[in-house]
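The values are calculated or read from the model by the stated rules, or taken from the named source; none is laboratory data. As the structure is a prediction and not an experimental result, all values here were calculated from the model. Neighbour counts run over all protein chains shown; Cβ positions are idealised from the backbone, glycine included. Calculation scope for accessible area: heavy atoms of the full protein, side chains included, ligands and nucleic acids excluded. Shrake-Rupley method; radii C 1.70, N 1.55, O 1.52, S 1.80 Å.
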Amino acid sequence: MKIRNNDIATTAVHAGNQSDSANNAIFTPIVTASSFIQPNLFEGGDFCYSRVSNPTRKAYESALSELEGGIYATATSSGMAATNLVMELLPKNSHIIAMRGVYGGTWRLFEKLKATTAGTTISYVDLNDTDKLINSIQKNTRLIWIETPTNPLLELVDIEKICKISKEYKIMTCVDNTFASAWNHKPLEMGADIVMLSTSKYIGGHSDLIGGAVITNVPEIAKDLDFVKTTLGSIASPFDAYLALRGMKTLDVRMQRQCSNALLVAEFLEMHPLVKNVYYPGLPSHPQHKLCKRQMRSGGAVVTATLNCTIEDLKKFISGLRLFVLAESLGGVESMVNHSASMSHGAMTKAEREVIGVFDTTLRFSIGIENFNDLIQDLDSALSNIKTTQGNNYA
Ligand SMILES: *Cc1c(COP(=O)(O)O)cnc(C)c1O
């Protein structure tokens, strides 16, 4: 699949008018002040107190908003804090419909916190099954939570289709756009009301910050979000806002490289006899490849594969990797491998995991910006150390 033309390269660099008019600095300074002197007696000013608004955060928020095609963005201390802000928009005892296989932290927030503190009830459904979705709608359904591509099996949701249904039933939609990023698609332009992001991943892009954001193009939601954010105070610090804004500038070049590397890695893995299954929306073998071509600019920069080997050999494979590091998270410039069963899905039992298709030998690769020949050589050489479960050695 070829990467399609894109229009956000320039936006990512220039969005949010980031220069500093006070000093003519080319880039927004890190303003750590908690409070701002009020020269206009009792008339207020641009900034008063940094929980409410801060110059560094504001520059970053306007850039985020422009990037996602919104009218308002609020930058939070983490992706989870961003999701919590969205939850705070819902009245007590609301019902949510969420894509099955949502991010583990999202599931925990819904089930282990909101279910008890706010009486939230949640139905997890395959959002691509329109009948099931419509049948799950209740009188108190207030939100459809879309995650696409999902983690780690990279299932896609047809955003436009779901948003059409949600509008008909007057239900708010939020898309967790962390995996795709605005580079691959802009959910607000497809009819979603809210975009939630963990900026710890592709926006930051360098594995050096934790952050999140909520973006909307609906004025009433913007007003409510701003109230909730000021009330809860779960804001991004000026330093984190600076780091993320700096990272965002190279989003286009990073994503271009990461997504094209990912396709090559997926193609390599698919051909390898030790690999049982590859999940990558950019491959024609992916069940939603057509939707991927229509909805996304590329297949993304995450590739998941289930190997055909024992756990012992899986460990040997991971230890044999020289470039890919075994680590949580994704989206950084360096390539990473994640063992879903013990890491992201460690809280589930083996049986629960296998129902959703996460096996003991399933690995999620977050592809970085390295030279693709080096990445493929690294995988190839580590695979040559191990045997298939049938005992064949492909070295
Ligand atoms: C990482 C992640 C989150 C949570 O973000 P944090 O920044 O870790 O709090 C939410 N959704 C998805 C899809 C993620 O990958």
Q.
So, in the range 108-130, how many residues would count as being loosely packed, with under 15 Cβ neighbours inside 10 Å and farther than 16 Å from ILE171 by Cα?
A. 10
(Q) Test of understanding: among GLU155, GLU220, which residue is within 16 Å of the ligand (Cβ to nearest atom), of a type in the set (D, E, K, R), more than 17 Å from GLY16 (Cβ to Cβ) and open to solvent by 10 Å² or more (accessible area, probe 1.4 Å)? (A) GLU155
Q: Report, by residue number, each residue of the range 35-50 that is in contact with a Lys or Arg (Cβ under 9 Å, 6 or more places away or on another chain) and either open to solvent by 70 Å² or more (accessible area, probe 1.4 Å) or over 17 Å from LYS229 (Cβ atoms) (or both).
A: ASP46
Q: Looking at (1) in contact with an Asp or Glu (Cβ under 6 Å, 6 or more places away or on another chain); (2) at pLDDT 95 or above, find the lone condition where GLU334 falls short.
A: (1)
**Q.** Residue that is under 20 Å from the mean Cα position of the chain (by Cα), open to solvent by 30 Å² or more (accessible area, probe 1.4 Å) and among the hydroxyl-bearing types (Ser, Thr, Tyr), where the choices are TYR60, TYR72
**A.** TYR72
Q. Any residue at all in the range 332-353 that is of a type in the set (Asp, Glu), part of a loop (DSSP other than H, G, I, E, B), in contact with a strand residue (DSSP E or B) (Cβ under 8 Å, 6 or more places away or on another chain) and within 16 Å of the ligand (Cβ to nearest atom)?
A. no
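Every residue, every condition in (1) open to solvent by 40 Å² or more (accessible area, probe 1.4 Å); (2) away from the ligand (no atom under 16 Å from the Cβ); (3) touching a residue at least 60 places away in the same chain (Cβ under 8 Å), yes or no:
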{"residue": "LYS290", "(1), (2), (3)": "yes, yes, no"}
{"residue": "THR306", "(1), (2), (3)": "no, yes, no"}
{"residue": "VAL325", "(1), (2), (3)": "yes, yes, no"}
{"residue": "ILE369", "(1), (2), (3)": "yes, yes, yes"}
{"residue": "GLN377", "(1), (2), (3)": "yes, yes, no"}
Q. Counting only residues that are open to solvent by 10 Å² or more (accessible area, probe 1.4 Å) and within 9 Å of the ligand (Cβ to nearest atom), how many does the range 179-208 have?
A. 4
Q. Among the residues of the range 229-248, which ones are open to solvent by less than 20 Å² (accessible area, probe 1.4 Å), aliphatic (A, V, I, L, M) and assigned to a helix (DSSP H, G or I)?
A. ALA241, ALA244, LEU245, MET248
Q | Selected residue (criterion: nearest to the ligand (Cβ to nearest atom)) from residues of the range 81-107 that are surrounded by fewer than 19 Cβ atoms within 10 Å (Cβ to Cβ) and within 18 Å of ASP224 (Cα to Cα) | A | GLU88
Q: Being touching a helix residue (DSSP H, G or I) at 6+ places or on another chain (Cβ under 8 Å) and part of a loop (DSSP other than H, G, I, E, B) is the filter here, so list the residues in the range 258-290 that pass it.
A: HIS272, LEU274, TYR280, PRO281, GLY282, LEU283, SER285, HIS286
